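Heads up, the thing below is written out as C-alpha cells.
The values are calculated or read from the model by the stated rules, or taken from the named source; none is laboratory data. In this text, all values refer to a predicted model and were calculated from it rather than measured experimentally. Counting neighbours? That spans all protein chains shown, and the Cβs are built from the backbone with ideal geometry, glycine included. The area values use the complete protein model at the heavy-atom level, side chains included, leaving out ligands, DNA and RNA. Shrake-Rupley method; radii C 1.70, N 1.55, O 1.52, S 1.80 Å.
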Amino acid sequence: MSKTTLRRVSAAMNAAGFTLLLAYAVPAAGQVSKPFDFSIKNIMRGPELYGRQPDNVRWSADSRWIYFTWLEPGTDWRETPKQFRVRAVPGAKPERVSIQQVDSTGYRFAPSERSHNGRYSVVEFNGDLFINDLTAGTIRRLTQTVEAEHSPQFSANDREIFFVRSNNIYSIDLSSGFLRQVTDIRQGPAPTDSSRAQGQRGRLEQQQRDLFESVRDRIRADSIARLDRLQRDSLGLRPVYVQSTEQVSDFSISPTGTSLLITTRTPASGPRTTDIPQYITRTGYTEELRVRTKVGDTEQRGRVALITLPSATITWLKTFSADTTTGGFDLLGWNDAGTRALIYAYTGDNKMRFLQTVDPKGKLTTLETARDTAWIGGPCSECGGWYGGGAGRVWYVSEVDGFSHLYTIAPDGTRKQQLTKGRWEVRDVALSPDDRWFYLTTNQVSPFEQHLYRLPTPGGTMEKITTKTGKHTAVVSPDGLLVADVYSYVNRPPDLFLLNDRPGAEMSQLTVSPSAEWLSFAWIVPEIVMIPASDGVQVPAHIYKPSDMHAQPNGAAVIFVHGAGYLHNVGNFWSEYPREYMFNQFLASKGYTVVDLDYRGSDGYGRDWRTAIYRHMGGRDLQDQVDASKYLVQSVGVDPKRIGIYGGSYGGFITLMALFTESPHFRAGAALRSVTDWAHYNQGYTSNILNLPQNDTLAYRQSSPIYYAQGLQDPLLMAHGMVDTNVHFQDIVRLTQRFIELGKTRWELAAYPVEDHAFVRPSSWADEYRRIYELFERYLPARNSSK
C-alpha cells in the first residue's frame, strides 16, 4: 500500500472519530501489496469484502461476556454467521463458540428475565429453562423435556417461575421443584351432556326405562358417577375452551398467578396464496413454493381475553378498537403488584392505537388514544411497559406530536408526562434492571446520527453516553456498568466496541469485520447536501462526485433510489445498501455524479415525512427524484439529457414511475425486483399506505406503474429473481406482457433463475450491476448528443 493511500485511509478513519486497526490492512513485512481490484465483479463479492457485522448482541447474566453472531473478515460468502463471544475487557479478542459449547452453555447468553430482587435471572435455551444465581455465580437447570418451554417470568415474590408449554401456563417452585399446571386451554367447543332423544327414538328409550329395572339401575349409576366426576373436576383445573380453529398466540400472566391475559388468532377462511415455481432444482423437476396472499384477501382474526385463576373464568375484552376481530394486540405485561396489565389495541385499518390497562375484573382503562389519518407507525411504535415497584407507572412511545417521543403516565390515566421533545426521534428504549434509567437511542444530534443516552425515569436531563459521529446500536450490561456498542461510520462497516456506561466514555474496539483487502482502499465519505424540493422542503441526499475519486466529470449523473420506502440511507453511518455504496463510487470513478436521496416516505424524519406517500406512492416521493434531477442540472452542471436512475424493490418501483411519467427528467433507468402493481403485494405493508384495493381503487391505480406503461420512451433494464418470495416474479412478467401488447421496444428483462428478493450469489450480483453500468454507458452518451 502506498504512503498516499495510507494517508487517505487514515484521514477517512479519523473523520469517523476512531483509529483504524492497521494490522488488518497493512501486509506483513516482505509481502507485496496488490492494488485493490476496483471492478464490478470484485465489489459484488459483498460480505466477503466488507464483512458480516456483529449481530444479536447480548450479555451473559454476570456481565463478563458479550455474545454475538458474526464471521471473521474474508470468510467465504457461502458461510452463515456463527456464534462468537468476547470478554468484556478492552483489547479482548473474539472467539468462536463451538456447536458443543452452544448446546451446553447456551443458557449463559440467551436473553434473560431478571428477578424482582435482582439476584436471579431465568433464561430459555433450546426449549429448556435455566436459572442463574448472579450472586453465587451458579447455574441450575430447571427443565429437560421433549416439549419446549418458553416465556419464563418470576412471580411477585420471586419464589416461582411461570412459563409456557404447549399453549398452557405452568409454574415451578424454586425451593421444592414442584411443578403445576396453571391453565388448561383447549380448542373446540365445551362438551355437553347428551340430552334425551326425541321423537321415535325418545319413545323407545322411555319404553326401555319403563320395562327394565336393569336399565334404570344403569342410569342411576351413571348419574352418581357423573356427579362424582364433576365434584373431582371442580377441585382441579377448569378447562377453558376456544374455537376449534382458534390458536392462542400470546400469554401474559400476573405475578400473583391469579390473572392471565391471552390473545388468540383465528386463521383466515379460504385465502388464496401465490405459488412460485423453482426451475433449478436437485430433482430436475419444477418444484413450487407456496408463499403469501395478496393485499385485500381474507385475513386472520384476533381477540384478547382475561382468564381468572384458578376458577378459569374467561372474559373476552371489548377493547375500544372499532373492529376487534381484525385489529391487533400487543401484551406489554403486568405491574409488579399484579393489579393491572398493559395492552396496545389497534383498529383493523391501523389508524388508531389504544394504550389500555386492564384490572383482574376485566375493567379497561384507556390511557392514550393515538389517531393517524394515514396509519399508525414510526420508530418504537410498539414500545411500552411498566417501571417502578408495586402499582408502577407506564412508559410508552408515541408519535402524537409529530415525532416519536417517550411518555410516562399513571395506571389510572392521570399525571401524563412527556420526557423527550423536539424535532427528532426516539428510536429505541430499554429500562435498566433497577428501574433508575431509561436508555434511549435517538437522532437528537441530527437525522444523520444515532446515539445512546440515559435519562432518569422520573425525568430530567438526558446524558449522552456515546460521542463518536455515526450510528450506535448499544446494549447495556445487566450490572449497568458497561455498554456493548455496534458502531459504524459512512465508510466503515459496523463493528463491536466496548465502553463504560458513563457520558463521554472512550470506546475500545473488539472486532474488525472488513477484510484487509477492503480496508486497503480509500472509500469516500460522500457529502450530505440538501436538495430544494418543489414544495419548499429540503431533501437530504448523499452526493458522490467524480472529484472524490480523482476522476474528471463526464457531464452525466445517476440517481440511486433506496428500497423499502420507509428506510434511512442518508447519514453518517454504514449504508444498508453496501454494494450500492461501492457501486456509486465506481460510477463516480468513471465520471458520473451520483446522488442518493432520503426521499419522502423515508425513515428518520418524523410523522409527516413518513406518511407523505399516503394513498399515492409515486407521488411526492417521485417528485423528490425529479427535483434531484433539476438540482443536478442547476447546481452541479449536469447535462439534463444525461441523467439515469436505478434502484431495487421500492427503488425499482420509483424507477419505473420515473421513466413512465417523468420522462423529460431521465434518460435511462434500471428497475430491479420492482413492484409493478401494488394490488399484487402483501397485506401488512400495502394496506397501511393504500388501504385495500377493493375499497380504494384510485389509490392503487395512481400508485401502480403497470397503468402507466404506455409512457415508456427511454431505455429500461428490468432485473428480477425468479424465486422472489417478496415481490413475485409474476409482477415483472405482467409488466412485460403489457409492453408487448403496447408495442414497446426500449426495454430488456434479465431473469435470475435461482435468486430470491435479495440476491445471494456474487455471480448474480455482478451480472446485474454489469448490465446497469453498460446501460448507462450506452445511453448516457457525449454531452452534445440528443435524447
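Numbers for the structure displayed
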read-out	value
Projected label distance in nm at D434 and R615, using a 7 Å step from Cα toward the beta-carbon	5.3 nm
Rounded Å value of the spacing that divides the Cα centres of segment 536-601 and segment 711-781	21 Å
Förster radius 30 Å - calculated FRET efficiency between N695 and E382 (Cβ-Cβ, nearest 0.05)	0.70
Phi-based couplings in Hz for segment 397-402 (Karplus 6.51, -1.76, 1.60; Gly and Pro marked x)	10, 9, 9, 4, 9, x
Neighbour cut-off at most 15 other Cβ (10 Å), DSSP loop, chymotrypsin sites (Phe, Trp or Tyr not before Pro), segment 154-203	F178
Note, ³J(HN,Hα) from phi for segment 127-140, Karplus 6.51, -1.76, 1.60, rounded to Hz, x at Gly and Pro	x, 10, 10, 9, 10, 9, 8, 6, 7, 7, x, 10, 10, 10
Probe 1.4 Å - accessible area at E147, Å² to nearest ten	90 Å²
Anchor K630: lysines whose Cα lies under 22 Å away (excluding residues fewer than 8 positions away in-chain)	K545, K590, K641, K787
Accessible area of the chain belonging to carbon and sulfur atoms, whole % at 1.4 Å probe	49 percent
Calculated FRET efficiency for the pair D608/R771, C-beta based, R₀ 35 Å, to 0.05	0.40
The chain: calculated mean residue ellipticity at 222 nm from DSSP helix runs of at least 4, using -39500 (n - 2.57)	-6000 deg cm²/dmol
Accessible area (Å², per residue) of segment 251-302, counting only protein heavy atoms and a probe of 1.4 Å	57 Å²
Computed lengthening from T373 to D37, 0.36 nm per intervening residue step minus Cα-Cα distance	115.9 nm
Distance between segment 34-100 and segment 353-380 - C-alpha centres, whole angstrom	40 Å
For A156, residues with placed amide H under 5 Å, excluding near neighbours	T256
Segment 564-691 - Kirkwood radius from inverse mean 1/r over Cα pairs (Å)	15.4 Å
Segment 709-748: trypsin sites (Lys or Arg not before Pro) in DSSP coil with no more than 15 other Cβ atoms inside 10 Å	R746
Total charge dipole magnitude, segment 406-552, about the Cα centre, Cβ charges on Lys, Arg, Asp, Glu only, Debye to nearest 20	380 debye
Under the span-like rule (Cα at least 15 Å along the axis, Kyte-Doolittle mean at least 0.5), DSSP H helices of the chain	650-661
Distant-in-sequence amide H partners of Q278 (H built 1.01 Å from N, under 5 Å)	E287, E288, L289
Sites R209 and T313 - FRET efficiency at Förster radius 35 Å, r taken between beta-carbons, to 0.05	0.40
Amide proton proximity set for D428, modelled H, under 5 Å, gap of 5+	T441
Fully extended contour minus Cα-Cα distance, from R226 to V733, at 0.36 nm per residue	176.0 nm
In segment 480-584, GluC sites (Glu not before Pro) in a DSSP loop with at most 13 other beta-carbon atoms within 10 Å	E506, E576
Derived scalar couplings ³J(HN,Hα) [segment 484-494; Karplus, 6.51 cos²θ - 1.76 cosθ + 1.60; whole Hz; x for Gly, Pro]	9, 10, 8, 10, 9, 10, 3, 10, 9, x, x
Given charges at beta-carbon only (K, R positive; D, E negative), |dipole| of segment 369-476 in Debye	240 debye
Compactness of the chain - radius of gyration and Dmax, Cα, Å	30.4, 113
Segments 248-255, 39-46, 754-761 sorted - mean Cβ within 10 Å per residue, highest first	248-255, 39-46, 754-761
Hits among lysines - C-alpha to C-alpha of K351 under 25 Å, sequence gap 8 or more where chains match	K294, K318, K363, K416, K421
Pair N117, R64: separation of 7 Å Cα→Cβ label points (nm)	2.3 nm
